[in-house]
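Heads up: the structure comes next, in structure tokens.
Read-outs: derived from the displayed coordinates by stated rules, not from any lab. In this text, all values refer to a predicted model and were calculated from it rather than measured experimentally. Positions of Cβ are generated from backbone atoms using ideal geometry, with glycine treated the same way; all protein chains shown enter the neighbour counts.
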Amino acid sequence: MADELERLFRILVRRVRDVRPENLSRPFEVAEILRTFVPYRAHRADVGVETAEDYEVLVLRLLSGERGFVFADDAMQEDLRRELDSGNPDLRALHAYGTARVTLAQHAMRQVLEASPPAHAAAVTPAAPAAPAAPTAQTAPGRAATDDTTEPPPRASEGPPLGSAVRGPHDRAPDAAEVSAALDALQRQLPPTLAELDAVLAASGDARPRPSFQARGHAIPDPTAEATIRTPRPGCRFCGQMLPEGRAVTFCPHCGQNLKVRRCPGCSAEVDPAWKFCVTCGRASTTTP
């Protein structure tokens, strides 16, 4: 039964054959084993290892030349053998030799390839030709049994010639009257035109005129039109109460003050409408009645 090291080598040979067959006889880098041919995550179950450390120790054993599966630089293999003999190998040595090149042993590689041919090379067994059926002759009444000149039965695949119509014994070409009747029946099944729909609606009793969309357009408010904003009349400048709308107001209905008289904003003295300054305090008269 194959152990872990032999399973690793078998998977490596098959992967090289399927991915890069030119490397079966040419050297390739150590990093290709870890990254392309037999990565740990993809083949740990097939190899039979449980942890990444066990997998790297197994690759160290393969690269060190154990069982002669691969050939590599003598100095590298000697260094890897010393690490394995120490009992606690430094796994960093595997990545330190990532660019080193190794070659598969030809005799071991051929044994693996002969035991596992590629899947696409499965032999196709030709089907045996079917034995011809023995012809059976049926004897018709009134015909001698020795008469073997029987007509061959028609083949199911044969049909009428292309372009020929299959007619029954009672088929005939329709005349003009039948064609006209069929067209009339088809016309009755078609949907009516718009004019016919208007006639049907008018005959149904609802003959009231329906205004068009353009006729109803004046009733639709224009969202782009500016709304007329009516500014309310300001309140009394003496008491602040609202003044009546829609009529001339001279005196406030709430406080009785004369709204037509101008007052100085500084001293509240009465100011003539033509004056620009107050005669009492000399302040500019800027208020309006």
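Taking other C-beta atoms within 10 Å as the exposure proxy, His43, His254, His95, His107 rank His107, His95, His254, His43 from fewest upward.
Quarter the surface of the alpha carbon convex hull of the stretch 235-289 and you get the mean projected area, 3.9 square nanometres.
Using alpha carbons only, the radius of gyration of the stretch 1-123 set against its Kirkwood radius gives Rg/Rh = 0.95. Residues Glu32, Glu53, Glu114, Glu4, arranged from fewest to most other Cβ atoms within 10 angstrom of their Cβ, appear as Glu114, Glu53, Glu4, Glu32. Summarising the amide proton neighbourhood of Val271: residues at separation of 5 or more, or on other chains, whose placed amide H is nearer than 5 Å comprise Arg262, Arg263, Cys264. Sorted ascending by nearby beta carbons within 10 Å, beginning with the fewest, Tyr55, Tyr40 become Tyr40, Tyr55.
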